[in-house]
Every structure is written in C-alpha cells, then in structure tokens.
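Read the structure below first, then the notes.
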Amino acid sequence: MAAGCCGVKKQKLSGSPGSGGPGGVGAGSGVAGTGHCGSELGIGSSATVAAAANVSRANGLGGPGGNVSGSSSGGGGGGSGTNALSPAPAGYTSSGLAPNLSPGPGSGSGGRKMVVSAEMCCFCFDVLYCHLYGYQPPRTPRFTNDPYPLFVTWKIGRDKRLRGCIGTFSAMNLHSGLREYTLTSALKDSRFPPMTREELPRLFCSVSLLTNFEDVGDYLDWEVGVHGIRIEFFNEKGSKRTATYLPEVAKEQGWDHIQTIDSLLRKGGYKAPITNDFRKTIKLTRYRSEKMTMGYAEYIAHRQHHHYQNGIGHPLPPYNHYS
C-alpha cells in the first residue's frame, strides 16, 4: 500500500490530551513540506491512501492532506514508465561505504546483516539522471531483487530541505520498485514541481526498506526512534484515513508518543479535537526500517570508481556541488 513519509514544517506540539493535536495542521492546511530528515524539519508522512487505478501509493511527506496526484503503479512489482530491461549503467557491487556514508537512524535489526546499501542510492541517482538527460534507463542492477515495502526520499541543499518522498507499503521487487519510486518521488510529489537537471548537484537520496510489521492493540505500544508507525482511523465524516511516520521522525522532532500520534492524525486529515478515547480507537501497525542516504558528491565518487570497469552507457554526470 503506497503512502508518504516526510513531513511539514516543524509543528509546535503541546502533547496534552484533548489539546486538538500538534499545531492544528490538518488536511488542506496548505502547509508545504520542507524537510525529511533534517534536525529542524518535520519528516513525517501524512499519507491519505490514494487508490487510483488499483494503486495504493503512499505520499507520506506531509503537505496538504498527504494526497498525491498523478498515476503510478504501486503494486507488487511493476514499473511505471521505466523499462527495467533497457541496457545502460551498472556496477552496484561495491561492498563498502564511503567514509561519510552511513546507515540512517532505525537501520538494521539486531545483528542481522542489512539489506539496504549505498548501491541502491547510487542506482536511484542513475535512474533520475538518465531520465532528466534523456538517456537509456540504467540496466538491471546487481543488488538483491527481493521484495520489500520501500520509500525513496529526495532532499536538497545544505539544509536538506524535502524535495520529494513517496513510497509503498506493498512489497515490491527492489529493482522495479526503486526505479518506480525514484521517479515518482522526484517528479510526481504533488507538493513540488518536477525535479530539474539544475537541481541534481544539490540532491541527497535516501532509500528506506520497511521490515518487521506488527499490528499492536495499544496505540502506545511502540518505541520512539526504533519503530515507524502507521495508523488507520475514521475521520469526522466516517471516512477511513491512514498516515505514517518512518522510525526517525519522532526522535528527530523530539516528540513523545502522544505528540507523534496527534501529529499523524492531523496529517491524515482529522480536524476534530483529539481526545484520549479517540486515540484508543486507532488501529496501529509498528515497523522498522533500514535506511541509507547518499549525497550527489558520494554518487559521483562511486560512479567515477566504477565508470570504466562497468562500461556505463552514458557520460559521467558533471560534479558541480552546490553550484
């Protein structure tokens, strides 16, 4: 099921029961998303699940109502407008990370080896670069093609402002899923204009793979900084709504459980006063994620390392960071 992940301007939260929620930001409030993972930016996902053409997409990034316009295929493994069989760049086999690349908050699960990798972020950059410059899409990468729910997030500039974030809660094969949501998040996030070539040198890409989904009976039964949460509830008109935050959001915003839940309710479009009795009616699913972030500089360094040995089918993109 598709949803969104990243947020709105940091809200002033009271957290007191019955306060009506943090900041009173509701669906249609017109608050534009400004960040995903920055320390001062709200990174949530206000996902009203949009079921268009049998697709459930999650644009959880905040913004008015969280709905995403445009069509995309968020199902179990198809792409949308990109050809997964086209020949072009490759070479996602590096086993290590650059010195300044590291997994994001909430990454990993105990001692289990992480699935997410820097190569996935590099692949997303390649997909976007090829699209913007009209080159053949990158050929099938070499990292695992196992199915996972996933999100692709784009941020821009030194302050890492949100530039797009859309994902899906339906498990998708990673090769087609990352292709699809790379372009969907970059071009079809309804809160932003489509991305341009000129923005490439200032971009940061994050890939989040979602794991360990658990339905819980108590809306407080999750851990800040460890679990992402997805809520389902019925609004004042009796319509079913959903919203989600990735694991890093509450911790980065300094929110407690109540503040996080109330923020999600507002992002999901609930406008009535929020009482503790209403919170108890929420259906909550907790999950974990593995996250990797790569900036354009790291992407260029990676591509330079693999350029000749992998026979990339288009010119190496120029590196002009923050130009």
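Summary table below
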read-out: Solvent-accessible ranking of Glu232, Glu198, largest area first, probe 1.4 Å; value: Glu198, Glu232
read-out: With DNA, RNA and ligands ignored, accessible area of Ser117 (1.4 Å probe; Å², nearest 10); value: 20
read-out: Asp215-Arg142 FRET efficiency (beta carbon distance; Förster radius 45 Å; 0.05 resolution); value: 0.80
read-out: Two-site FRET efficiency, Asp277 against Glu198, from Cβ-Cβ distance with R₀ of 41 Å, rounded to 0.05; value: 0.20
read-out: Gyration tensor verdict on region 212-256 (Cα atoms; rounded if a/c is under 1.5, prolate if a/b is larger than b/c, oblate otherwise); value: prolate
read-out: Carbon/sulfur fraction of accessible area - region 183-279, other protein chains in place, 1.4 Å, %; value: 50
read-out: 4 °C / 1.567 mPa s Stokes-Einstein diffusion coefficient of region 101-227, Kirkwood radius on C-alpha pairs, µm²/s; value: 83
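The values are calculated or read from the model by the stated rules, or taken from the named source; none is laboratory data. Owing to the predicted nature of the structure, the values given are computational and were not obtained by experimental measurement. Note that we place each Cβ from the backbone using ideal geometry, even for glycine, and neighbour counts take in every protein chain shown. The accessibility values were calculated without ligands, DNA or RNA, using every heavy atom of the protein model including side chains. Shrake-Rupley method; radii C 1.70, N 1.55, O 1.52, S 1.80 Å.
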